Amino acid sequence: MSAPWLPGVHSAPNIQSAPAIYEIENLALDRERLITDAMWSVMPWDEAVVCDLGAGAGFWASEFQAAAKHVFLVEPHGPSRLLAAMRVAKHRWENVSVMAGSASKSHLATGTVDFVQSRFAYFWGPGCEPGIKEVERILRPGGAFVMIDNDLRAGTFAEWLRKLPERYQRDPYEIDAFWRSQGFQLSTVRSSWRFDRRSDLEAVVKLELPSICDEVLAQHEGLEVDYGFRIISKRF
């Protein structure tokens with residue numbers, strides 16, 4: 001997906017291979033909107049210009065568009081952008097725009113954004129420096145950057161992630177140390193996936209954890225999965 005005009009792109013096999021199942025996953029995620037409350041406590045976005053960086057199919061636009069002055073959905077993956085544009089048109093959101101861009105090249109003008117969200121798109125910690133510089137460039141003074149990542153220390157989903165092969169493992173303490181060295185604050189929200197049907201839960205687990213899905217599903221009953229989220233934020 002990466003190209004000279006769109007650098008710093010990483011594939012996202014979950015949403016890019018099965019967007020309909022990923023939609024189910026998003027509908028199940030954090031139904032109490034505790035993550036939204038945590039982001040709002042960093043900086044309210046009423047009458048703000050918001051950028052959702054790595055917006056995918058635009059699912060989280062609804063979290064922002066009602067209060068924000070304008071929302072830019074920036075996404076490198078063409079098919080996902082088309083789905084985002086269809087969502088915007090369906091809801092007639094006149095204050096939402098869909099754009100091609102990446103973490104290190106958003107194509108937004110300098111100093112034009114008040115609030116940037118990046119949800120499940122900045123997993124790597126070290127190596128994200130170009131993306132941080134790009135966000136600092138597009139933010140107005142006093143603006144905020146908030147990232148949502150998986151909490152790798154606690155919760156059922158974190159336990160499942162630790163069952164994956166070593167090449168997929170990330171050191172949460174190394175990642176935290178990187179973000180703190182860049183001036184970011186970190187906190188944790190304990191929430192869940194909560195599904196309406198067992199078949200939906202199974203489909204999502206098979207999408208996200210294909211190599212261990214049979215094992216974890218055999219050991220897990222019910223429709224809910226305890227899930228922790230890392231909130232990584234900075235006011236610039």
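Read-outs: derived from the displayed coordinates by stated rules, not from any lab. Source: prediction; values computed, not measured. Here the Cβ positions follow ideal geometry from the backbone for every residue, glycine too, while neighbour counts run over all protein chains shown.
Summing Cβ point charges (Lys, Arg +1; Asp, Glu -1) relative to the Cα centre of the chain gives a dipole of roughly 580 debye. Taking Cα centre as origin and charging only the Cβ of basic (Lys, Arg, +1) and acidic (Asp, Glu, -1) residues, the dipole magnitude of the stretch 78-172 rounds to 340 debye. DSSP beta bridges confined to the chain are antiparallel in about 50 percent of cases. What the Cα atoms of the stretch 1-138 give is an Rg and a Dmax of 14.2, 41 Å.
A simple packing score, the average count of other Cβ atoms within 10 Å per residue, orders the peptides 204-210, 49-55 as 49-55, 204-210, with the highest score first.
Measuring against 28 Å, Cα to Cα, the residue pairs 69/90; 69/105; 69/206 contain 69/206 as the ones spanning a longer distance.
Peptides 125-136, 110-121 ranked from most to least packed by the mean count of surrounding Cβ atoms within 10 Å: 110-121, 125-136.
For the stretch 215-223, the Karplus equation 6.51 cos²θ - 1.76 cosθ + 1.60, evaluated at θ = phi - 60°, returns couplings of 4, 6, 5, 5, 9, 10, 9, x, 10 Hz by residue, with Gly and Pro reported as x. Relative contact order of the chain, please, whole-number percent, based on alpha carbon pairs below 8 angstrom and at least 6 residues apart. Normalised by residue count, the contact order of the chain is 22 percent. Put simply, the amide H of residue 64, placed in the peptide plane, has no neighbours under 5 Å, leaving out anything fewer than 5 places away on its chain.
Calculate the all-directions average of the projected area of the chain's alpha-carbon convex hull, and give it in nm². Working shown, then result.
Working: hull surface 48.8 nm².
Average projection, Cα convex hull of the chain: 12.2 nm².
If you place +1 on the Cβ of every Lys and Arg, -1 on the Cβ of every Asp and Glu, and leave all else neutral, what size is the dipole of the stretch 54-98 about its Cα centre, to the nearest 20 Debye?
Numbers: 5 positive and 3 negative charges, 24 e Å.
For the stretch 54-98, the charge dipole is close to 120 debye.
For the chain, the residue among 101, 217, 34 whose Cα projects farthest onto the positive side of the dipole built from Cβ charges is 101. Here the translational diffusion coefficient of the stretch 127-222 follows from Stokes-Einstein with Rh set to the Kirkwood radius across Cα pairs; for 10 °C and 1.306 mPa s it amounts to 99 µm²/s.
The helix-only estimate of mean residue ellipticity at 222 nm for the chain, built from DSSP H runs of length n ≥ 4 each weighted as -39500 (n - 2.57), is -10000 deg cm²/dmol after division by the residue total.
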